[in-house]
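Enquirer: Below you'll find the structure I mean.
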Amino acid sequence: MRMACFLMTVVCLQLAAKTLSQTVSFSGKNVSLKEALTAVEKQTGYFIFYSDKNVLAEAKPVSLSVKDMPLKTFLDAVMKEQNIAYEIKNKTIVVRTEKRFVDEERILLPRSIMIRVTDQEGGPLFRASVTNRTTKFAGLTNEMGSINLSVNLGDILVVSYIGFETFTHTVKDTSHYLPVRLKLSRNQLDEIVYTAYGKTSKRLATGDIVKVTGEEIQRQPVMNPILALSGKVPGLMVAQTTGYASSPVKVLLRGQLNLNNSVNSEPLYVIDGAPLSVINASGSYLMGNQGYDQADPLWTNTPTRGLSPLFSINPMDIESIEVLKDADAIAIYGAQGANGAILIKTKSGKSGPLQVSLSVRGGFTRAMNRIDYLSTPEYLEMRRQAFKNDGVTPTPITAPDLFLWDTTRNVDWQKELFGKTGARTDYDISMSGGNQQFNFRASAGYGRVTDISTVSGATQRLMLNTSTSYNSQNKKLTISLIAGWSNSNANPRTIPADIMLPPNAPPVYNEAGKLNWSGWLDGQDPRFTKIPFPFGSLETSYESRSSSSNINLSIRYNILKGLNLNTLLSYNEFHGQANNQMPMSSQNPLNAPKGSAGFTFSEGRGSTIEPVLNYVNHLGPGTIDVKMGGSIKYAMAISNATYGTGYTNDDLLNLMSAAASLRGDNKRAEQKFAGIFGILNYTIANKYVINLNARRDGSSRFGPGKRYGNFGSVGAAWIVSDEQWFKSAIPASVSFVKLRGSYGVVGSDGVGDYQYISQWNPGTPALYSYGGITPLKNLYAMNPLFQWQEAKKLSATLELGFFKDQQLNLNITYYRDRMDNQLVQFPIPWITGFDKVTANSPALVQNAGWEVQLNARLLNTSTINWSGSFNVSLNRNKLVAYPNFESSPYRALYQIGRPLTIMPLLHYTGVDPLTGDMSYQDRNHDGAINVDRALPPGSMFDDRYWLDLTPEYYGGFSSDLRYKSWSLNVLFTYNKAMVRNPVWSFLTLGRLNNMPVSVYEQVWKKPGDIAAYPRLMTMSSPSGALFSESDGQYVKAFYVSCQNLSLQYTLNEQLVKKLRMKACRVSIQTQELFSIALSGQYRPGAPMFGLPIPKTITANLNVNF
């Protein structure tokens, strides 16, 4: 609440700021001319340049009182009877003595000229490169965007700045002032990309960085911005863990390098320069970062499995997201960036009049794909055939679906459980403005979405964000403050995922509106073959409330020419509360149930201090950029859970004191981190670039003597196409060729906290007391010797551009990442009192692969613009080496030279045409099928083989078409991988469950049939019992999914002006619109159980004032 009040106060102060004006109000008697001209700068945003420091030395006092006087009239009035003249050039007012204008033509050359470089809005460009191509002199502009050069007539001046077109000027007159207003570049190579502690262009980047713009993100109707990266970034896999909007998102960059699955393998998130300090008290590689809901999901039965820490970021506030992949790009983050880094840059205020933007979005969500299951007549025929195959006569006891249940009832359980249409609503407003000294942006957003489940919950959030920037008049001091606050509320329901129930199964509720326990025969005559009533969870409830806030304060001070001190101070915190209830009404009344409830309280905070000295100047033939700094970081997360049982009244479930018994659980994660680092970048002639990073990190997760590690990288780039010999030797159609590569070492402290020392607690459940004293239990096997694990990253890229302005760009990247000295939970004998200990494993794991990205501008005319992109990733993982592997505890789980994603399974050879039973490969030809999990596959009597579950390839392709005021954007993702068959991985076909029509059509019916599925049975068989141990439960699937489709129309300018608006856009946006399985039947990455991922369709209105 304090943060909310603070933010609202800041917003109100900002809205009171004056915007730019072309008029001047002034009142003074016998004041100096300097004071009057200073008022002009403050009120209009114009920059006043004095040609000589003594130009006002003999100026007469000014007496004037005016209000809203036009700028030129005011200047004429204060300059009257002064021996001073002025000249307005763009947004600069040049003030000189009158005599100098008269004698200007007689000034001898060479002479000094002042160049002032600005953007299109007139804002000064700091550190723009200015080169006199004739004299070979080069320099950088100061904070005012100015530089003084000595020139002669005929000299050629070249001005360049990242993200802008290069400006070339030939000196043809005797002017002492040259204003340069640079235009934004349309060349993709000149696009600005943010890096660690700075920015560069795609042309000069030495690291592997992929940028996704805010425009690309905002045309996707996602509530979590990280989902908008799916299919856009080669090497990046993004997967929702459940179909709930606030659920954690699993993000994996270039595969898994760690043997330890209990450690989160997500990239580092950096928001506006500050690392996101959210750590896990619970969580794993498989489930991703739990974020702001730190309760153990297995202990509290949390439907969402957590709350993504990025759910608090409004996609409408994002300017861009950069994904940093190789050592050159991430090594400077040290251990924090071992899994890559994702930089999120939010929007900030810009100089200009007040601008207001409104956005309204409304739409719906629905289940994406449905499977065609057997109708009731088809199902009943299938069941009778199963009994016939078994030689058993069905009875009401063994087949209630044939005798007791309504045989005219036909229910599609997909529609029954997930067939509801959810509602989606978003409202956003933002305001921005300011001048060259002060600018601001403030925004607010509200979003709400209801689930597609039968008993629908809802997720809603409120977000406030503000950014303020102040520049001193002499441009030496810059202060930026970014603050945000969000609040979310989610009450998802745990929905049973058994969509293969018999189509004539009884209703969920009885005529009285209560759960239909009796209709399902649950808990009644034990002789009945029954399906346990699956809908009790519909009466349970779960509600989660959380709030988060963050403040980033950035201060930059220019100490000397080219030398700046940048300091970042960051603080963030979150608070969460969850309540999970299992009332008596959700349980079988025949069992005399009692209610239970879980109460979870989570909180966390993090802070970062990073001072950085930055020196930039021309050195020899190039530009040198040196950064030296330090980092101090602290993060903690706490989860306290209490579980109450024995409630006798459902109305009292909110009270812990009403429980008959209570038990608790506490989890805490804490990390202290410190590091020093340095960056050296040297660029020669804008075609040779070398970048060096070095860092020394210390982590509280290691014991004394093991806490510090040294890491670093080297990256280089060569723009081959800028060489003279290249231009004459290569066809003109090849317009750009660049080679870049990097090698580096990064560390990782991916272990639990303080596991190098002994930790004790009473245990869960608590040990019996002795003599009134509760004994304590040791939690971990202590090991003070484990240390940093290291990842060595190698990357090489060829960048090609074709035709004018690089209409076609092709990037081909090869990478190889290796990690050794791995931190793992090493299995040890139970005789020690523990089953594992944290230690460094000698295993060497490698991820290597190829990434290809193609961008093309296919058509570009005055009325139509069409561009497209394509990317593909091929990642191969393997265990390269493991000394003494045969005596290691992993010998039955992995194999040297094979991926970490292998599984030991029997090889399923299909259905026996004679018997209709499942058959398997007898590997050792002993006439029996055996499984020995203690040994590697193929050892002694074991008949298993290794199955590789690594995706073969994945990627995305898009098309962006604009015709006059219309634009159509489409994004597809694709994936080819082995996935578990959800229909036939654990069921005996023919029992009390439905099946897809496509399966039923391919079951074995009689001897001699060549069938894909075995004969129908009502009882399990010996061959069927082995199926869950075989590769038959997996299928190879290739799917293409329409990730996003957006159709937009921009109202014409004349109509917009009549409506007193600056711009107005209407659009239709979709997410996860459809998925097509080109082979196999099921989409890889979709949740097998729980709420499925829905498709979203929205209508949107965006208005700017």
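The values are calculated or read from the model by the stated rules, or taken from the named source; none is laboratory data. Quick caveat: nothing in here was measured; it's all calculated off a predicted structure. Ideal geometry is used to build each Cβ from the backbone, glycine not excepted, and the neighbour counts take in all protein chains shown.
Enquirer: Output yes when any residue across the range 261-273 is farther than 30 Å from Ala881 by Cβ, in a strand (DSSP E or B), hydrophobic (A, V, I, L, M, F, W, C) and modelled with pLDDT of 70 or more, and no when none is. Full working, then the answer.
Expert: Quick first cut of the range 261-273, residues farther than 30 Å from Ala881 by Cβ only: 269-273.
Restricting the remaining residues to those that are in a strand (DSSP E or B) gives 269-271.
Checking the rest, the ones that are also hydrophobic (A, V, I, L, M, F, W, C) come to 270-271.
Filter again for modelled with pLDDT of 70 or more, leaving 270-271.
Taking every residue of the range 261-273 in turn, at least one turns out to be farther than 30 Å from Ala881 by Cβ, in a strand (DSSP E or B), hydrophobic (A, V, I, L, M, F, W, C) and modelled with pLDDT of 70 or more.
Enquirer: What is the residue count in the range 190-233 for residues that are in a helix (DSSP H, G or I) and more than 18 Å from Arg127 (Cβ to Cβ)?
Expert: Our first condition is that a residue be in a helix (DSSP H, G or I); within the range 190-233, this holds for 190, 214-218, 225-229.
Pick out the ones that are also more than 18 Å from Arg127 (Cβ to Cβ) and you get 214-218, 225-229.
Final tally of qualifying residues: 10.
Enquirer: Now a separate question. Hey, Leu417 hits all of (1) closer than 30 Å to Arg991 by Cα; (2) surrounded by fewer than 22 Cβ atoms within 10 Å (Cβ to Cβ); (3) out of contact with any Leu (no Cβ under 7 Å at 6 or more places or on another chain) but one; which does it fall short on?
Expert: Of (1) closer than 30 Å to Arg991 by Cα; (2) surrounded by fewer than 22 Cβ atoms within 10 Å (Cβ to Cβ); (3) out of contact with any Leu (no Cβ under 7 Å at 6 or more places or on another chain), only one is false for Leu417: (2).
Enquirer: A further question on this structure: Looking only at residues in the range 420-442 that are within 30 Å of the chain's Cα centre (by Cα) and of a type in the set (S, T, N, Q), which one is surrounded by the most Cβ atoms within 10 Å (Cβ to Cβ)? Steps first, answer last, please.
Expert: Of the residues in the range 420-442, the ones within 30 Å of the chain's Cα centre (by Cα) are 420-433, 439-442.
With of a type in the set (S, T, N, Q) added as a condition, the list becomes 421, 425, 430, 432, 439.
On the way: Thr421: 12, Thr425: 15, Ser430: 22, Ser432: 22, Asn439: 24.
Residue satisfying both the conditions and the ranking: Asn439.
Enquirer: Tell me, yes or no, whether the range 982-1001 has at least one residue that is closer than 30 Å to Ser1067 by Cβ, among the aliphatic types (A, V, I, L, M) and buried (at least 20 other Cβ atoms within 10 Å of the Cβ).
Expert: Residues of the range 982-1001 that are closer than 30 Å to Ser1067 by Cβ, as a first pass: none.
Within the range 982-1001, none of the residues are closer than 30 Å to Ser1067 by Cβ, among the aliphatic types (A, V, I, L, M) and buried (at least 20 other Cβ atoms within 10 Å of the Cβ).
Enquirer: Tell me, which residue of the range 458-475 that is out of contact with any Ser or Thr (no Cβ under 7 Å at 6 or more places or on another chain) and at pLDDT below 90 is surrounded by the fewest Cβ atoms within 10 Å (Cβ to Cβ)?
Expert: Applying the filter and picking the extreme gives Asn474.
Enquirer: Answer yes or no as to whether Asn710 is assigned to a loop (DSSP other than H, G, I, E, B), in contact with a strand residue (DSSP E or B) (Cβ under 8 Å, 6 or more places away or on another chain) and without any contact (Cβ under 8 Å) to a residue 60 or more places away in the chain.
Expert: no
Enquirer: Filter the range 680-707 down to the residues that are among the small types (Gly, Ala, Ser), closer than 25 Å to Asp749 by Cβ and touching a residue at least 24 places away in the same chain (Cβ under 8 Å) and list them by number. It would help to see each step written out before you state the result.
Expert: Taking the range 680-707 as the starting set, the residues that turn out to be among the small types (Gly, Ala, Ser) are 685, 694, 698-700, 703, 705.
Checking the rest, the ones that are also closer than 25 Å to Asp749 by Cβ come to 694, 698-700, 703, 705.
Within the range 680-707, Gly698, Ser699, Ser700, Gly703 qualify.
Enquirer: Would you call Pro1014 more than 30 Å from Asp412 (Cα to Cα) and crowded, with 19+ Cβ neighbours inside 10 Å?
Expert: Values: more than 30 Å from Asp412 (Cα to Cα): no; crowded, with 19+ Cβ neighbours inside 10 Å: yes.
So Pro1014 does not fit the description; no.
Enquirer: For the range 858-961, please list each of the strands (runs of 3 or more DSSP E) lying entirely inside it that holds at least 2 residues being in contact with a Lys or Arg (Cβ under 8 Å, 6 or more places away or on another chain). Before the answer, list the steps.
Expert: Values: elements: 864-881, 902-905, 908-911, 918-920, 945-948.
Strands (runs of 3 or more DSSP E) meeting the threshold: 864-881, 902-905, 945-948.
Enquirer: Got at least one residue in the range 569-577 being in contact (Cβ under 8 Å) with a residue 40 or more places away in the chain, within 30 Å of Gly513 (Cα to Cα) and of a type in the set (Phe, Trp, Tyr)?
Expert: No, the range 569-577 has no match at all.
Enquirer: Which residue out of Leu823, Leu798, Leu844, Leu810 is under 25 Å from the mean Cα position of the chain (by Cα) and not small (Gly, Ala, Ser)?
Expert: Working: Leu823 fails: under 25 Å from the mean Cα position of the chain (by Cα); Leu798 fails: under 25 Å from the mean Cα position of the chain (by Cα); Leu844 fails: under 25 Å from the mean Cα position of the chain (by Cα).
Among Leu823, Leu798, Leu844, Leu810, only Leu810 is under 25 Å from the mean Cα position of the chain (by Cα) and not small (Gly, Ala, Ser).
Enquirer: Being in contact with an Asp or Glu (Cβ under 7 Å, 6 or more places away or on another chain), farther than 20 Å from Leu680 by Cα and free of Cβ contacts under 8 Å to residues at least 60 places away in the same chain is true for just one of Pro534, Pro593, Pro583. Which residue is that? Write out each step before concluding.
Expert: Details: Pro593 fails: in contact with an Asp or Glu (Cβ under 7 Å, 6 or more places away or on another chain); Pro583 fails: free of Cβ contacts under 8 Å to residues at least 60 places away in the same chain.
Answer to the check: Pro534.
Enquirer: Looking only at the range 331-368, count how many residues are under 16 Å from the mean Cα position of the chain (by Cα) and among the β-branched types (Val, Ile, Thr).
Expert: Within the range 331-368, residues that are under 16 Å from the mean Cα position of the chain (by Cα) and among the β-branched types (Val, Ile, Thr) number 3.
Enquirer: State whether one or more residues within the range 723-738 are among the polar types (S, T, N, Q), within 26 Å of Val845 (Cβ to Cβ), surrounded by 14 or more Cβ atoms within 10 Å (Cβ to Cβ) and in contact (Cβ under 8 Å) with a residue 60 or more places away in the chain. It would help to see each step written out before you state the result.
Expert: Filtering the range 723-738 for residues among the polar types (S, T, N, Q) gives 724, 728, 733, 735.
Now restrict to residues that are within 26 Å of Val845 (Cβ to Cβ): none.
Looking for residues that are among the polar types (S, T, N, Q), within 26 Å of Val845 (Cβ to Cβ), surrounded by 14 or more Cβ atoms within 10 Å (Cβ to Cβ) and in contact (Cβ under 8 Å) with a residue 60 or more places away in the chain, one finds none in the range 723-738, hence no.
Enquirer: Considering Thr642, Thr623, Thr608, which residue is within 30 Å of Trp788 (Cα to Cα), hydroxyl-bearing (Ser, Thr, Tyr) and part of a strand (DSSP E or B)?
Expert: Values: Thr642 fails: within 30 Å of Trp788 (Cα to Cα); Thr623 fails: within 30 Å of Trp788 (Cα to Cα).
One residue alone meets the criteria, Thr608.
Enquirer: Another question, if that's okay. Under 7 Å between Cβ atoms, at least 6 apart or on separate chains: pull out the pairs that start in the range 54-82 with a residue that is at positive phi and end on any residue that is part of a strand (DSSP E or B).
Expert: Matching pairs, first to second residue: Asp68/Thr23; Asp68/Ser25.
Enquirer: Among (1) in a strand (DSSP E or B); (2) touching a Leu at 6+ places or on another chain (Cβ under 9 Å); (3) at pLDDT 90 or above, which single condition is Asn1100 missing?
Expert: (2)
Enquirer: Look through the range 484-507, keep the residues that are surrounded by fewer than 21 Cβ atoms within 10 Å (Cβ to Cβ) and part of a strand (DSSP E or B), and return whichever of them is modelled with the lowest pLDDT.
Expert: The qualifying residue modelled with the lowest pLDDT is Asn489.
Enquirer: Val845: assigned to a strand (DSSP E or B), of a type in the set (Val, Ile, Thr), surrounded by 15 or more Cβ atoms within 10 Å (Cβ to Cβ) and at pLDDT below 95, yes or no? Before the answer, list the steps.
Expert: Values: assigned to a strand (DSSP E or B): yes; of a type in the set (Val, Ile, Thr): yes; surrounded by 15 or more Cβ atoms within 10 Å (Cβ to Cβ): yes; at pLDDT below 95: yes.
Considered against the rule, which asks whether it is assigned to a strand (DSSP E or B), of a type in the set (Val, Ile, Thr), surrounded by 15 or more Cβ atoms within 10 Å (Cβ to Cβ) and at pLDDT below 95, Val845 comes out as yes.
Enquirer: Got a sec? Which of Val997, Val1003, Val970, Val979 is modelled with pLDDT under 90 and β-branched (Val, Ile, Thr)?
Expert: Working: Val997 fails: modelled with pLDDT under 90; Val1003 fails: modelled with pLDDT under 90; Val970 fails: modelled with pLDDT under 90.
Testing whether each residue is modelled with pLDDT under 90 and β-branched (Val, Ile, Thr) leaves just Val979.
Enquirer: Follow-up. Would you check if Ala386 is within 30 Å of Pro1007 (Cα to Cα), in contact with a Gly (Cβ under 6 Å, 6 or more places away or on another chain), assigned to a helix (DSSP H, G or I) and in contact (Cβ under 8 Å) with a residue 60 or more places away in the chain?
Expert: yes
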